[in-house]
Amino acid sequence: MDESKPIPIVCGPTASGKTGIAVELSDTFPIEVVSADSRQLVRHLEIGTAKPTAEERQAVPIHLIDLIEPGERYTAFRFIDDATEVIRAVLARDRIPVVVGGTGLYLRALTEGVVEIDSDDMHVREELEVQMEQLGPERMHERLAQVDPLEAAVIHPNNKIRVIRALEMFYLTGKSKSELVVTEAYKTTPFRFRYFCLMPPREELYQIINTRVDQMMEQGLLAEIQALTNRGMKDQIIAANVIGYKELLEHLDNRLTEEEAVSLIKQNTRRYAKRQVTWFRKLDPGDVYGTRERLIDALAAYLATL
């Protein structure tokens with residue numbers, strides 16, 4: 001791979017078919033997948049996290065899956081280290097790393113860097129985004145100049161995303177990005193990235209989600225959860241807080257019927273997808289593709305240049 005060019009990121013909401021795209025293109029290009037899916041990091045949770053099948057893993061190497069136990073803390077700070085290590089190893093094998101996933105926090109960490117903090121308070125970012133709409137980019141840039149003049153000097157006022165991110169760092173930590181970089185509390189990766197985002201029409205996506213949940217039940221999701229609870233892992237599963245598992249645990253505890261639990265899984269998954277769509281809509285429109293075929297064509301053309 002030409003290391004001077006950005007590494008491709010294939011992203012999109014849950015169930016949009018990201019992994020399948022990588023598998024299909026692996027027939028033509030020497031790619032390896034760097035997963036950016038927070039759910040698939042967790043060991044033992046197989047069906048409900050839609051982990052790549054054995055056949056898919058045989059078709060293309062997939063990294064950063066099954067790294068942690070259910071309930072174990074894993075941060076975006078650590079993700080940068082893990083992803084950077086994998087990308088370097090893939091490049092050393094003269095192959096092409098392709099980041100695939102829909103966890104916005106991890107993708108933002110890769111592309112923008114991240115501050116090591118105990119939690120990522122989304123309310124801070126949401127409030128800053130509201131203020132950006134109300135006050136405008138010039139006023140918000142002036143605010144950044146007051147708390148972090150060095151960072152403001154290198155960010156154009158119209159770059160709303162970077163202005164918000166720099167302000168967010170200050171409000172979360174009490175320190176400017178410039179200070180955090182010096183103290184090494186701010187972590188980045190040395191690589192550059194380019195987005196290829198699959199964004200199916202909402203109704204189509206919701207139908208895919210509903211169908212996939214039904215398929216997960218047919219594949220034995222309830223039996224998987226029952227087996228894990230029989231091994232004494234109920235508290236760990238609850239701590240993992242993964243859609244599909246928590247609802248069916250309520251069914252096993254006789255708080256929901258199976259039909260109610262399945263309906264709730266579908267509803268919660270659709271809500272999760274809606275939040276992902278909101279995040280991905282902030283990308284450059286030129287990086288977003290409405291159909292699988294258009295994205296595959298664009299990504300294949302890009303891979304051919306690497």
Residue set P70, P8; condition modelled with pLDDT under 95 and either crowded, with 18+ Cβ neighbours inside 10 Å or on the phi > 0 side of the Ramachandran plot (or both); output residue P70
Taking segment 15-37, which residues are part of a loop (DSSP other than H, G, I, E, B), buried (at least 21 other Cβ atoms within 10 Å of the Cβ) and not acidic (D, E)?
-> A15, S16, A36
Of everything in segment 180-200 that's in a strand (DSSP E or B) and over 15 Å from I9 (Cβ atoms), which residue is modelled with the highest pLDDT?
-> K187
List, please: which pairs have Cβ atoms under 8 Å, are six or more places apart or on different chains, and start with a residue in segment 90-108 that is without any contact (Cβ under 8 Å) to a residue 12 or more places away in the chain and end with one that is of a type in the set (A, V, I, L, M, F, W, C) and surrounded by fewer than 19 Cβ atoms within 10 Å (Cβ to Cβ)?
-> none
Expected single match for in contact (Cβ under 8 Å) with a residue 12 or more places away in the chain and either at positive phi or surrounded by fewer than 20 Cβ atoms within 10 Å (Cβ to Cβ) (or both) among R162, R231 is R162
Under the condition of being modelled with pLDDT under 95 and outside any helix (DSSP H, G or I), which residue from segment 258-289 is surrounded by the most Cβ atoms within 10 Å (Cβ to Cβ)?
-> L283
If you check Y206 against the conditions, is it under 26 Å from the mean Cα position of the chain (by Cα) and either free of Cβ contacts under 8 Å to residues at least 12 places away in the same chain or in a helix (DSSP H, G or I) (or both)?
-> yes
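The values are calculated or read from the model by the stated rules, or taken from the named source; none is laboratory data. Note that the structure is predicted; figures quoted are calculated from it, not measured. No Cβ is skipped: glycine too gets one built from the backbone with ideal geometry, and neighbour counts run over all protein chains shown.
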